[in-house]
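The values are calculated or read from the model by the stated rules, or taken from the named source; none is laboratory data. Keep in mind that this is a model prediction, so the values were computed, not measured. Glycine also receives a Cβ, built like all others from the backbone with ideal geometry; neighbour counts cover every protein chain displayed.
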Amino acid sequence: MLLSEFDFSLPQVLIAQQPLGERAASRLLCLNRASGQLAHQQFARLPQLLRAGDLLVRNDTRVLPARLLGRKESGGQLELLLVRQIDALQNLWRCMTRSSKPLRVGSLLDFSEGLRGEVVEQEADGQRLVRFTCPGAFHDVLERVGHMPLPPYIRREDRDLDKDRYQTVFAENPGAVAAPTAGLHFTAETFAELAERGIDVCSITLHVGPGTFLPVRAENLQEHRMHSEAYEIPRSTAELINAARADGRRVIALGTTVTRTLEHAVGEDGLLYPGQGDTDLFIKPGFRFRMVDALVTNFHLPKSTLLVLVAAFAGRDFVLEAYRQAVEHGYRFFSYGDCMLIE
(Lines give C-alpha, C1' and ligand atoms only; values in the text may rest on other atoms or scores of the structure.)
Protein backbone atom coordinates (compact mmCIF):
# COMPACT_ATOMS: atom_id res chain seq x y z
CA MET A 1 0.00 0.00 0.00
CA LEU A 2 1.04 3.59 -0.57
CA LEU A 3 1.51 6.25 2.09
CA SER A 4 -0.49 8.74 0.03
CA GLU A 5 -3.57 6.56 0.54
CA PHE A 6 -3.61 7.61 4.21
CA ASP A 7 -3.83 11.34 3.74
CA PHE A 8 -6.62 13.72 4.70
CA SER A 9 -7.22 17.46 4.76
CA LEU A 10 -6.98 19.08 8.19
CA PRO A 11 -7.42 22.81 8.92
CA GLN A 12 -4.61 23.99 11.19
CA VAL A 13 -7.13 25.55 13.55
CA LEU A 14 -8.30 22.06 14.58
CA ILE A 15 -4.86 21.04 15.92
CA ALA A 16 -5.25 21.40 19.70
CA GLN A 17 -2.56 23.66 21.14
CA GLN A 18 -3.77 23.45 24.75
CA PRO A 19 -5.43 20.77 26.86
CA LEU A 20 -9.04 21.30 27.84
CA GLY A 21 -9.77 22.54 31.35
CA GLU A 22 -10.89 19.05 32.38
CA ARG A 23 -9.28 15.84 31.13
CA ALA A 24 -12.56 13.99 30.62
CA ALA A 25 -14.27 16.89 28.79
CA SER A 26 -13.15 15.65 25.37
CA ARG A 27 -15.48 14.42 22.66
CA LEU A 28 -15.60 10.78 21.62
CA LEU A 29 -16.28 9.59 18.07
CA CYS A 30 -17.55 6.00 18.16
CA LEU A 31 -16.95 3.64 15.22
CA ASN A 32 -18.81 0.35 15.02
CA ARG A 33 -16.97 -1.95 12.60
CA ALA A 34 -19.82 -4.45 12.33
CA SER A 35 -22.52 -1.94 11.39
CA GLY A 36 -20.34 0.71 9.76
CA GLN A 37 -22.08 3.33 11.91
CA LEU A 38 -20.57 6.44 13.48
CA ALA A 39 -21.87 8.12 16.64
CA HIS A 40 -20.85 11.37 18.33
CA GLN A 41 -20.48 11.09 22.10
CA GLN A 42 -18.66 12.64 25.04
CA PHE A 43 -15.64 10.85 26.51
CA ALA A 44 -17.21 11.00 29.97
CA ARG A 45 -19.73 8.39 28.76
CA LEU A 46 -17.03 5.84 27.86
CA PRO A 47 -17.64 3.61 30.92
CA GLN A 48 -21.32 3.38 29.91
CA LEU A 49 -20.39 2.47 26.33
CA LEU A 50 -18.16 -0.44 27.29
CA ARG A 51 -19.50 -3.81 28.47
CA ALA A 52 -19.32 -5.50 31.85
CA GLY A 53 -16.52 -8.05 31.64
CA ASP A 54 -14.39 -5.99 29.24
CA LEU A 55 -10.70 -5.72 30.11
CA LEU A 56 -9.08 -2.33 29.46
CA VAL A 57 -5.31 -2.43 28.97
CA ARG A 58 -3.39 0.82 29.52
CA ASN A 59 0.22 1.94 29.05
CA ASP A 60 1.70 3.17 32.34
CA THR A 61 4.88 4.69 30.89
CA ARG A 62 5.86 8.06 32.30
CA VAL A 63 7.08 10.87 30.02
CA LEU A 64 10.52 12.22 30.88
CA PRO A 65 11.18 15.97 30.74
CA ALA A 66 13.54 14.85 28.01
CA ARG A 67 14.18 18.12 26.18
CA LEU A 68 17.34 19.85 27.37
CA LEU A 69 18.50 23.34 26.41
CA GLY A 70 22.16 24.18 26.88
CA ARG A 71 25.38 25.44 25.38
CA LYS A 72 28.52 24.06 23.79
CA GLU A 73 32.02 24.93 25.02
CA SER A 74 32.12 27.58 22.29
CA GLY A 75 29.03 29.20 23.77
CA GLY A 76 26.73 28.19 20.95
CA GLN A 77 23.23 27.14 21.89
CA LEU A 78 22.06 23.57 21.53
CA GLU A 79 18.94 21.51 22.05
CA LEU A 80 19.03 17.85 22.96
CA LEU A 81 16.29 15.21 23.23
CA LEU A 82 16.93 12.14 25.35
CA VAL A 83 15.77 9.11 23.38
CA ARG A 84 16.84 6.09 25.42
CA GLN A 85 19.23 5.22 28.22
CA ILE A 86 21.89 2.84 26.93
CA ASP A 87 23.97 2.32 30.07
CA ALA A 88 22.64 3.23 33.54
CA LEU A 89 26.05 2.84 35.23
CA GLN A 90 27.71 5.37 32.90
CA ASN A 91 24.48 7.38 32.52
CA LEU A 92 24.88 7.04 28.76
CA TRP A 93 21.94 8.11 26.58
CA ARG A 94 21.08 8.00 22.90
CA CYS A 95 20.04 11.53 21.95
CA MET A 96 18.74 13.60 19.09
CA THR A 97 20.56 16.93 18.88
CA ARG A 98 20.04 20.32 17.28
CA SER A 99 22.72 23.03 17.06
CA SER A 100 24.17 25.51 14.57
CA LYS A 101 26.94 23.02 13.72
CA PRO A 102 26.77 19.23 14.16
CA LEU A 103 28.10 18.02 17.50
CA ARG A 104 31.36 16.12 17.15
CA VAL A 105 32.63 13.28 19.31
CA GLY A 106 34.32 14.84 22.33
CA SER A 107 32.06 17.92 22.40
CA LEU A 108 31.31 19.06 25.95
CA LEU A 109 27.80 20.26 26.73
CA ASP A 110 26.69 22.47 29.60
CA PHE A 111 23.16 22.64 31.01
CA SER A 112 21.61 24.12 34.15
CA GLU A 113 22.32 23.10 37.77
CA GLY A 114 25.68 21.53 37.02
CA LEU A 115 24.33 19.03 34.49
CA ARG A 116 26.99 18.33 31.88
CA GLY A 117 27.34 16.00 28.93
CA GLU A 118 30.02 14.66 26.62
CA VAL A 119 29.38 13.30 23.13
CA VAL A 120 31.08 9.90 23.02
CA GLU A 121 29.80 8.49 19.74
CA GLN A 122 27.93 9.46 16.59
CA GLU A 123 25.55 6.84 15.25
CA ALA A 124 24.74 6.11 11.62
CA ASP A 125 21.30 7.74 11.82
CA GLY A 126 22.76 11.00 13.12
CA GLN A 127 21.89 10.46 16.76
CA ARG A 128 24.60 10.87 19.40
CA LEU A 129 25.54 8.89 22.47
CA VAL A 130 25.99 11.35 25.33
CA ARG A 131 27.41 10.62 28.79
CA PHE A 132 25.94 12.83 31.51
CA THR A 133 27.30 13.87 34.89
CA CYS A 134 25.66 16.02 37.54
CA PRO A 135 25.68 16.69 41.28
CA GLY A 136 23.10 14.40 42.86
CA ALA A 137 20.69 11.99 41.21
CA PHE A 138 20.37 12.46 37.45
CA HIS A 139 16.59 12.02 37.32
CA ASP A 140 16.09 14.55 40.11
CA VAL A 141 18.14 17.13 38.21
CA LEU A 142 16.34 16.24 34.98
CA GLU A 143 12.96 16.89 36.62
CA ARG A 144 14.10 20.40 37.50
CA VAL A 145 15.92 21.46 34.33
CA GLY A 146 14.31 19.37 31.59
CA HIS A 147 11.39 20.48 29.44
CA MET A 148 8.41 18.33 28.46
CA PRO A 149 8.96 17.12 24.87
CA LEU A 150 5.77 18.44 23.32
CA PRO A 151 5.24 17.25 19.74
CA PRO A 152 6.23 19.66 16.97
CA TYR A 153 2.64 20.41 15.92
CA ILE A 154 2.09 22.13 19.28
CA ARG A 155 3.55 25.46 18.25
CA ARG A 156 4.44 26.92 21.62
CA GLU A 157 6.97 26.40 24.37
CA ASP A 158 6.11 23.96 27.14
CA ARG A 159 4.64 25.38 30.34
CA ASP A 160 4.21 24.21 33.91
CA LEU A 161 0.74 22.82 33.12
CA ASP A 162 2.28 20.43 30.57
CA LYS A 163 4.21 18.60 33.30
CA ASP A 164 0.82 17.51 34.57
CA ARG A 165 -1.37 17.40 31.47
CA TYR A 166 1.13 15.78 29.06
CA GLN A 167 1.20 12.87 31.47
CA THR A 168 -1.47 10.29 32.23
CA VAL A 169 -2.83 10.13 35.79
CA PHE A 170 -1.64 6.50 35.92
CA ALA A 171 1.93 7.09 34.67
CA GLU A 172 4.41 5.09 36.77
CA ASN A 173 7.47 3.94 34.84
CA PRO A 174 9.73 6.75 33.50
CA GLY A 175 11.18 6.32 30.04
CA ALA A 176 8.93 7.80 27.32
CA VAL A 177 9.64 10.90 25.27
CA ALA A 178 6.04 11.13 24.05
CA ALA A 179 2.80 10.53 25.92
CA PRO A 180 0.47 7.60 25.20
CA THR A 181 -2.10 10.25 24.36
CA ALA A 182 -5.28 8.16 24.43
CA GLY A 183 -4.73 7.87 28.17
CA LEU A 184 -4.66 11.64 28.73
CA HIS A 185 -8.48 11.76 28.89
CA PHE A 186 -8.77 9.41 31.86
CA THR A 187 -9.23 10.51 35.46
CA ALA A 188 -9.46 8.69 38.79
CA GLU A 189 -13.24 9.11 38.50
CA THR A 190 -13.19 7.40 35.09
CA PHE A 191 -11.46 4.35 36.53
CA ALA A 192 -13.79 4.29 39.54
CA GLU A 193 -16.82 4.21 37.22
CA LEU A 194 -15.22 1.49 35.09
CA ALA A 195 -14.77 -0.63 38.21
CA GLU A 196 -18.38 -0.02 39.27
CA ARG A 197 -19.56 -1.28 35.89
CA GLY A 198 -17.53 -4.48 36.07
CA ILE A 199 -14.79 -3.40 33.65
CA ASP A 200 -11.31 -4.52 34.75
CA VAL A 201 -8.12 -2.57 34.08
CA CYS A 202 -4.52 -3.77 33.79
CA SER A 203 -1.25 -2.22 32.60
CA ILE A 204 1.69 -2.79 30.29
CA THR A 205 4.64 -0.46 29.73
CA LEU A 206 5.88 0.72 26.36
CA HIS A 207 8.30 3.65 26.39
CA VAL A 208 7.13 5.76 23.45
CA GLY A 209 10.05 7.04 21.38
CA PRO A 210 10.44 10.01 19.02
CA GLY A 211 9.71 7.77 16.05
CA THR A 212 6.02 8.39 16.69
CA PHE A 213 6.52 11.94 15.33
CA LEU A 214 9.08 11.31 12.61
CA PRO A 215 7.67 11.46 9.08
CA VAL A 216 7.43 8.29 7.03
CA ARG A 217 9.96 8.68 4.22
CA ALA A 218 8.93 5.73 2.05
CA GLU A 219 5.89 5.99 -0.23
CA ASN A 220 5.68 2.20 -0.33
CA LEU A 221 4.71 1.17 3.21
CA GLN A 222 6.54 -2.14 2.81
CA GLU A 223 9.80 -0.20 2.79
CA HIS A 224 9.22 1.66 6.08
CA ARG A 225 11.00 0.44 9.21
CA MET A 226 9.70 1.41 12.64
CA HIS A 227 11.99 2.65 15.40
CA SER A 228 12.37 0.05 18.14
CA GLU A 229 10.75 0.77 21.54
CA ALA A 230 11.20 -1.01 24.87
CA TYR A 231 8.23 -2.71 26.51
CA GLU A 232 7.38 -4.80 29.56
CA ILE A 233 4.34 -7.00 30.14
CA PRO A 234 3.86 -8.05 33.78
CA ARG A 235 2.92 -11.66 34.45
CA SER A 236 -0.30 -10.53 36.18
CA THR A 237 -1.34 -8.59 33.06
CA ALA A 238 -0.64 -11.53 30.74
CA GLU A 239 -2.72 -13.79 32.99
CA LEU A 240 -5.67 -11.37 33.05
CA ILE A 241 -5.62 -10.94 29.27
CA ASN A 242 -5.32 -14.66 28.57
CA ALA A 243 -8.18 -15.36 30.97
CA ALA A 244 -10.37 -12.71 29.32
CA ARG A 245 -9.79 -14.17 25.88
CA ALA A 246 -10.43 -17.70 27.12
CA ASP A 247 -13.75 -16.49 28.59
CA GLY A 248 -14.76 -14.71 25.36
CA ARG A 249 -14.52 -11.28 27.00
CA ARG A 250 -13.22 -8.30 25.05
CA VAL A 251 -9.71 -6.89 25.38
CA ILE A 252 -9.82 -3.10 24.92
CA ALA A 253 -6.49 -1.47 24.01
CA LEU A 254 -6.06 2.02 25.40
CA GLY A 255 -4.02 3.44 22.56
CA THR A 256 -1.88 2.33 19.66
CA THR A 257 1.11 1.69 21.95
CA VAL A 258 -0.85 -0.97 23.84
CA THR A 259 -2.06 -2.44 20.56
CA ARG A 260 1.46 -2.79 19.18
CA THR A 261 2.78 -4.29 22.42
CA LEU A 262 0.05 -6.91 22.74
CA GLU A 263 0.12 -7.89 19.09
CA HIS A 264 3.90 -8.19 19.20
CA ALA A 265 3.98 -10.39 22.30
CA VAL A 266 1.25 -12.90 21.38
CA GLY A 267 2.62 -16.37 20.72
CA GLU A 268 1.81 -18.80 17.93
CA ASP A 269 -0.50 -20.54 20.41
CA GLY A 270 -2.59 -17.36 20.77
CA LEU A 271 -1.40 -16.69 24.33
CA LEU A 272 0.16 -13.44 25.53
CA TYR A 273 3.58 -13.92 27.06
CA PRO A 274 4.95 -11.73 29.88
CA GLY A 275 8.43 -10.26 29.91
CA GLN A 276 10.59 -7.45 28.59
CA GLY A 277 11.70 -6.76 25.06
CA ASP A 278 11.75 -4.39 22.13
CA THR A 279 9.19 -4.04 19.39
CA ASP A 280 9.42 -2.47 15.96
CA LEU A 281 6.10 -3.93 14.81
CA PHE A 282 4.52 -1.91 11.98
CA ILE A 283 0.82 -2.76 11.74
CA LYS A 284 -0.55 -2.24 8.23
CA PRO A 285 -3.81 -3.17 6.48
CA GLY A 286 -3.94 -6.93 6.10
CA PHE A 287 -2.56 -7.50 9.59
CA ARG A 288 -4.39 -10.18 11.58
CA PHE A 289 -5.22 -8.91 15.06
CA ARG A 290 -5.13 -11.69 17.64
CA MET A 291 -5.23 -9.84 20.96
CA VAL A 292 -7.15 -6.59 20.59
CA ASP A 293 -10.95 -6.52 20.19
CA ALA A 294 -11.58 -2.77 20.54
CA LEU A 295 -9.46 0.34 20.58
CA VAL A 296 -9.57 3.74 22.28
CA THR A 297 -7.30 6.15 20.41
CA ASN A 298 -6.74 9.81 19.62
CA PHE A 299 -6.85 11.29 16.13
CA HIS A 300 -3.54 10.93 14.32
CA LEU A 301 -1.49 12.84 11.77
CA PRO A 302 -2.06 12.38 8.05
CA LYS A 303 0.29 9.84 6.46
CA SER A 304 1.50 8.55 9.84
CA THR A 305 2.16 4.98 11.00
CA LEU A 306 -0.46 5.50 13.72
CA LEU A 307 -3.17 6.33 11.19
CA VAL A 308 -2.10 3.29 9.17
CA LEU A 309 -2.50 1.12 12.29
CA VAL A 310 -6.01 2.45 12.96
CA ALA A 311 -6.91 1.87 9.31
CA ALA A 312 -5.65 -1.71 9.62
CA PHE A 313 -7.94 -2.22 12.60
CA ALA A 314 -11.11 -0.57 11.28
CA GLY A 315 -10.68 -0.34 7.50
CA ARG A 316 -9.10 2.52 5.59
CA ASP A 317 -12.28 3.88 3.98
CA PHE A 318 -14.24 3.75 7.25
CA VAL A 319 -11.49 5.51 9.17
CA LEU A 320 -11.01 8.25 6.58
CA GLU A 321 -14.78 8.84 6.54
CA ALA A 322 -14.69 9.13 10.34
CA TYR A 323 -11.85 11.64 10.07
CA ARG A 324 -13.77 13.59 7.44
CA GLN A 325 -16.76 13.81 9.77
CA ALA A 326 -14.52 14.75 12.70
CA VAL A 327 -13.16 17.67 10.69
CA GLU A 328 -16.68 18.65 9.62
CA HIS A 329 -17.86 18.63 13.26
CA GLY A 330 -14.85 20.58 14.53
CA TYR A 331 -13.20 17.87 16.61
CA ARG A 332 -9.86 18.76 18.21
CA PHE A 333 -6.93 16.77 16.78
CA PHE A 334 -3.74 15.10 18.00
CA SER A 335 -2.17 14.88 21.47
CA TYR A 336 -4.37 17.38 23.33
CA GLY A 337 -7.37 16.68 21.11
CA ASP A 338 -10.45 14.45 21.18
CA CYS A 339 -10.56 10.68 20.81
CA MET A 340 -12.25 7.67 19.23
CA LEU A 341 -13.69 4.36 20.38
CA ILE A 342 -13.47 1.67 17.71
CA GLU A 343 -15.42 -1.52 18.41
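Just a few scattered comments:
For (1) among the basic types (K, R); (2) modelled with pLDDT of 95 or more; (3) surrounded by fewer than 19 Cβ atoms within 10 Å (Cβ to Cβ), each residue gets a yes or a no:
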{"residue": "R156", "(1), (2), (3)": "yes, yes, yes"}
{"residue": "V169", "(1), (2), (3)": "no, yes, yes"}
{"residue": "A176", "(1), (2), (3)": "no, yes, no"}
{"residue": "E189", "(1), (2), (3)": "no, yes, yes"}
{"residue": "M226", "(1), (2), (3)": "no, no, yes"}
{"residue": "S236", "(1), (2), (3)": "no, yes, yes"}
{"residue": "I241", "(1), (2), (3)": "no, yes, no"}
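- For the range 243-258, a residue qualifies if it is surrounded by 15 or more Cβ atoms within 10 Å (Cβ to Cβ) and in a loop (DSSP other than H, G, I, E, B), and the qualifying residues are R249, R250, G255.
- Strands (runs of 3 or more DSSP E) wholly inside the range 1-97 containing at least 2 residues that are at pLDDT 95 or above and under 30 Å from R245 (Cβ atoms): 27-32, 37-42, 55-59, 61-63
- G277 being part of a loop (DSSP other than H, G, I, E, B) and within 20 Å of I204 (Cα to Cα): no
- Of all residues in the range 158-178, those that are in contact (Cβ under 8 Å) with a residue 12 or more places away in the chain and more than 19 Å from G255 (Cβ to Cβ) have Cβ atoms under 8 Å from Cβ atoms of residues that are assigned to a loop (DSSP other than H, G, I, E, B) and hydroxyl-bearing (S, T, Y), 6 or more apart or on another chain, in D158/Y166.
- Total residues in the range 214-237 satisfying the condition of being in contact (Cβ under 8 Å) with a residue 24 or more places away in the chain, among the charged types (D, E, K, R) and assigned to a helix (DSSP H, G or I): the figure is 1.
- Odd one out for A52, checked against (1) touching a helix residue (DSSP H, G or I) at 6+ places or on another chain (Cβ under 9 Å); (2) more than 30 Å from V105 (Cα to Cα); (3) touching a residue at least 60 places away in the same chain (Cβ under 8 Å): (1)
- Some residue of the range 288-311 being of a type in the set (D, E), modelled with pLDDT of 95 or more and either outside the structural domain of G21 (by TED's automatic domain parsing) or part of a loop (DSSP other than H, G, I, E, B) (or both): yes
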